[in-house]
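A quick write-up on the structure given underneath.
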Amino acid sequence: MRKLYIIPILFLALLGFTACDDDRDENPTYEDPTTFVLNTPAYASTVYDLKYSTSLELTCTQPNYAYTTAVTYTVQVSLTNDFTTEGAYETLETTYTSARMNVDAVQLSKAIVTLWEAGSEEELPADTPLVVYARLKAALTSTGAGVIYSNVIKLDQVLANPEAPVTVDNLYVIGSFNGWDWINSIALPPVHSNPGMFWGIMYFDAGDEFKFNVSALDDENVGGYSDALFSDESIALADLSDNGGNIKVGKAGWYLIIVDGTLTGRAMTYNSVRFLEPIVYLTGDPSGGWDAFDDARKFTVPTDRDGEFVSPAFIADGELRMCVKLEDLDWWKTEFVILNGKIAYRGAGGDQERVNVTIGKKAYLNFMDGTGSVK
């Protein structure tokens, strides 16, 4: 009779092994990657003329995270093969989710021009190829963890385009609230289709001071207090004043800030700075329709720096769309969404990745740390 129990015992054991295998498949174990290779292009020694090119193709092997997962790649370039010294390399603005990426020629030219001007008083030679070094940064798309850098490749002959259009990606704000540290500056996104205009929602304690720049550094483009920049309404709303050229905020609270300037070459002239009530709207199907901006669609405003803006409950399933509404401008020019737990601003870009939400839930936003959630 003892032999009759062998088969069911073996059967149960096999089930256990299968369950363990299934569990490993569904819950793969993350490992810090140790290898990440950026391939040298086949024509790396030939001339890349960026004035007459639209892109440069780079390919890589995905880092070995021990399982297949979505990875975001960022391109960095240097003229000196120095990727440790701040200012010795530039990070291109576009990120990629494929191991085969077409790097925008205009962005690459802008980076080369910026690096050249930072390291030389001479004009960038338009007809002399430069040696350019490149590497990739990789990280998990879902969390931003697992950061690893690739090997460096050398492009022997790159002709940059000094006439590549100059654009400003963000306005950077520093102040007493972050130790006047440009590395930890707060980035305000551009208003779509309005070069030189930026917006953002920030919290200030009474007595906080700040200044801003189109680059995250101290240079001739730093903006501070000037009577001509502020309207009487802005000064009264936030009790603004001058403190040694810095902008001092006398009334604690949340504010919508609009900075408008004119970019001439690489010099920024600031025309106005507005402080407004921090009104955020829910729009689209979850709000009950489009192009309506009334009290029923407003987010509640928190009372302190760590609080969250909270939307009305969604009244329908659909794409989550949020914005601030500036006078005489379409709402989508200052819209944003929530992606992977972060507030993602449209800025000057095209349509964003869509996020669908369900009826009854709400959106929660913390503009000071850039996080968002739906629950």
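The values are calculated or read from the model by the stated rules, or taken from the named source; none is laboratory data. Bear in mind the structure is a predicted one, so any value in this text is a computation, not a measurement. When we count neighbours, we look across all protein chains shown, and the Cβ atoms used for this are built from the backbone with ideal geometry, even at glycine. When the accessible area is computed, the model is the full protein with side chains, heavy atoms only, and any ligands, DNA or RNA have been set aside. Shrake-Rupley method; radii C 1.70, N 1.55, O 1.52, S 1.80 Å.
Among the criteria (1) under 30 Å from residue 219 (Cβ atoms); (2) within 19 Å of the chain's Cα centre (by Cα); (3) β-branched (Val, Ile, Thr), the one residue 143 does not fulfil is (1). Scanning region 215-228 for residues that are over 13 Å from residue 244 (Cα atoms) and open to solvent by less than 20 Å² (accessible area, probe 1.4 Å) gives a single hit, 221. Checked against (1) assigned to a strand (DSSP E or B); (2) touching a helix residue (DSSP H, G or I) at 6+ places or on another chain (Cβ under 6 Å), residue 161 passes all but condition (1).
Taking the criterion of being among the basic types (Lys, Arg) and not in a strand (DSSP E or B), the only residue of region 257-285 that qualifies is 266. Contact map, region 301-326: residues that are in contact (Cβ under 8 Å) with a residue 60 or more places away in the chain paired with residues that are of a type in the set (A, V, I, L, M, F, W, C) and open to solvent by 30 Å² or more (accessible area, probe 1.4 Å), Cβ distance under 6 Å, separation 6+ or inter-chain. Pairs shown: 305/368.
Just to verify a result, which residue in region 47-69, among those that are closer than 20 Å to residue 107 by Cα and assigned to a loop (DSSP other than H, G, I, E, B), is least open to solvent (accessible area, probe 1.4 Å)?
The residue in question is 53.
Taken together, the residues in region 285-298 that are in contact with a Lys or Arg (Cβ under 9 Å, 6 or more places away or on another chain) and under 17 Å from residue 364 (Cβ atoms) amount to 2.
If I filter region 162-182 down to residues being touching an Asp or Glu at 6+ places or on another chain (Cβ under 8 Å) and touching a residue at least 60 places away in the same chain (Cβ under 8 Å), which single residue comes out as least open to solvent (accessible area, probe 1.4 Å)? Selected residue: 175. Of all the listed residues (154, 137), the sole one being surrounded by fewer than 13 Cβ atoms within 10 Å (Cβ to Cβ) and not in a loop (DSSP other than H, G, I, E, B) is 154.
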